[in-house]
Amino acid sequence: MVFSSGVFLYLFLPVFLAAYYALPRRASSLVIAFASYIFYGWWRPDFVGLMLFSTVVDFFCGRRIVAAQERGERGKTWLLVSMAVNLGLLGYFKYANFGVDSFNAIAANFGVGPLDWPKVVLPVGISFYTFQTMSYTIDVYRREATVVDRFSDFMCYVALFPQLVAGPIVRYSTVAEQLRHRSHTFAKFYQGVLCFQSGFVRKILIADTLGQVADPAFATEALPLVDAWTGLLAYTLQIYFDFSGYSDMAIGLGLMLGFRFPVNFNGPYRSTSITDFWRRWHISLSSWLRDYLYVPLGGNRKGNLRTYVNLMATMLLGGLWHGAAWTFVIWGAYQGIWLAAERAFGKRAFWFALPQPLQILATFVVAMFGWVPFRASSLDGCLTYLGSLFGGSPEGPLLEILPLHVGVLAIGMLVAWLPFTTQRLASRAPLTWVVVLQPLFLVALLQLQYQDHVPFLYYQF
């Protein structure tokens, strides 16, 4: 089930909210967990069992870690059990196909027959909820989070449907107190509705419209120069409004239930460097990689060379987290090289001396190039598209770019560079913004009825 679907908007959400507010507050965690299992299992009910298994393992390991620490031990064995189970499941479901395909490609060069391997179906959202459950046991082990008392609360935390399948990645320590005690006010609910509406509009009216340009652009072998840049610009904005739109909707739904989730985007295309970009883009992931990977590797505490190696390793693994393909490895390497280069250049961009608007523009162009391997379906497709950006194919097919697409591209650029976020607008609820948002939301609802089902881009990760 997805937020941008009729069954969610007109059936699941109203029935759930009615039940949530009608039933006793002491049952709220069970109500959310039960509804989340329905939400998650709508496509594949059997994957609910996989998520429940991870929940049981980490709940048990967390309690065993605390019991060991109370005896004066560290509880490291139970942390390793949790890590092995979580990473093992993630590795199998996400990377088994990639590993077998890579092995078969290499083996074919030596005349070895391919492995007969049944394709593994990737459970939606496994990357997100795996990182969440891992953060719980790690934080308990580090004594940075208290162990959860009730299994129903932990079920609620892991399965929490607003941010289950595409984030933001919410650490247990962030919502531990909210699971036990949280306020439900009209002001918070109203703010949540505005966040949800804004995210829905960004997804349907901007991201999906730009996908009509980006998708055929990356499906074409070669493009003329202008068309290639137009297609890349469309995807650069599409992925931002699609993913930030989902995050806004998730944060809004959380507010409707009394939760406050962390902000996941803070105007990333207004960044003045790639380092700044990663402080603003997918904040919950970048901070997770920093705290649970980069810092444990040594961070910047062991000299410059080790810092560069740690940055590269973190971004390479961040690329693989997004997908099991060499294109994601290249994307991670590209980001890591820029981060290391900026740190070597005094923790600033090479264009720091330019006026700020030009710094933002330069960073935006660098980010655009990074989206080519991220979006390309293969290494050959990535190289072909890069070739189109640097000269193009004059005889290549032309994209069908309508005046609507040009207008949405312009609006997308304007909104992406505006100096405020959805969360800030929703918290203040200026009348002009609220009044403009309502007809746009109605238009988006109408548009949803006439377009093919378009899932959120990050569902595939």
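The values are calculated or read from the model by the stated rules, or taken from the named source; none is laboratory data. Here the structure is a predicted model, which is why all the values come from computation and not from measurement. Positions of Cβ are backbone-derived with ideal geometry, glycine not excepted, and every protein chain shown enters the neighbour counts. Ligands, DNA and RNA are stripped out before the accessible areas are found, and what is left, the full protein with its side chains, is counted by its heavy atoms. Shrake-Rupley method; radii C 1.70, N 1.55, O 1.52, S 1.80 Å.
Annotations for the structure displayed:
- Residue check, I106 among the hydrophobic types (A, V, I, L, M, F, W, C), surrounded by fewer than 14 Cβ atoms within 10 Å (Cβ to Cβ) and part of a helix (DSSP H, G or I): yes
- Filter result (of a type outside the set (S, T, Y), within 12 Å of Y136 (Cβ to Cβ) and open to solvent by less than 20 Å² (accessible area, probe 1.4 Å)) within segment 80-96: N86
- Check on F110, more than 29 Å from F8 (Cα to Cα) and in contact with a Leu (Cβ under 7 Å, 6 or more places away or on another chain): no
- So R150, is it closer than 21 Å to Y292 by Cβ and either surrounded by fewer than 16 Cβ atoms within 10 Å (Cβ to Cβ) or free of Cβ contacts under 8 Å to residues at least 24 places away in the same chain (or both): no
- Matching residues, segment 247-268, being of a type in the set (S, T, N, Q) and outside any loop (DSSP other than H, G, I, E, B): S247
- The set of residues in segment 38-48 that are open to solvent by 40 Å² or more (accessible area, probe 1.4 Å) and modelled with pLDDT of 90 or more contains only I38.
- Qualifying residue in segment 132-142 (condition: assigned to a loop (DSSP other than H, G, I, E, B) and within 30 Å of Q178 (Cβ to Cβ)): yes
- Considered as a group, the residues in segment 223-250 that are of a type in the set (A, V, I, L, M) and open to solvent by 10 Å² or more (accessible area, probe 1.4 Å) include one that is farthest from G392 (Cα to Cα), and that residue is L233.
- Residue match in segment 194-202 (condition: among the β-branched types (V, I, T), surrounded by 23 or more Cβ atoms within 10 Å (Cβ to Cβ), in contact (Cβ under 8 Å) with a residue 24 or more places away in the chain and farther than 30 Å from L17 by Cα): no
- Tallying residues that are open to solvent by less than 20 Å² (accessible area, probe 1.4 Å) and touching a residue at least 60 places away in the same chain (Cβ under 8 Å) within segment 58-78 yields 5.
- Scanning segment 390-401 for residues that are touching a helix residue (DSSP H, G or I) at 6+ places or on another chain (Cβ under 7 Å) and either open to solvent by 40 Å² or more (accessible area, probe 1.4 Å) or at pLDDT 90 or above (or both) yields G391, L398, I401.
- Selection over segment 176-187 of residues that are surrounded by fewer than 21 Cβ atoms within 10 Å (Cβ to Cβ) and either of a type outside the set (D, E, K, R) or on the phi > 0 side of the Ramachandran plot (or both) gives a count of 8.
- Boolean, F34 is under 30 Å from Q451 (Cα atoms) and buried (at least 17 other Cβ atoms within 10 Å of the Cβ): no
- Only one of the listed residues (Q212, Q191) is in a helix (DSSP H, G or I) and either of a type in the set (F, W, Y) or under 24 Å from R424 (Cα atoms) (or both). That residue is Q191.
- Residues of segment 79-124 that turn out to be in contact with a helix residue (DSSP H, G or I) (Cβ under 7 Å, 6 or more places away or on another chain) and under 24 Å from W321 (Cβ atoms), as a count: 16
- With respect to being surrounded by 15 or more Cβ atoms within 10 Å (Cβ to Cβ), farther than 22 Å from H282 by Cβ, touching a residue at least 24 places away in the same chain (Cβ under 8 Å) and of a type outside the set (A, V, I, L, M, F, W, C), T130 falls outside the description.
- Sole residue being open to solvent by 80 Å² or more (accessible area, probe 1.4 Å), over 17 Å from D215 (Cβ atoms), modelled with pLDDT of 85 or more and assigned to a helix (DSSP H, G or I), chosen from L437, L386, L446, L404: L446
- Looking at segment 271-344, the helices (runs of 4 or more DSSP H) lying wholly inside it that each contain 3 or more residues that are without any contact (Cβ under 8 Å) to a residue 40 or more places away in the chain and open to solvent by 20 Å² or more (accessible area, probe 1.4 Å) sit at 304-322, 326-344.
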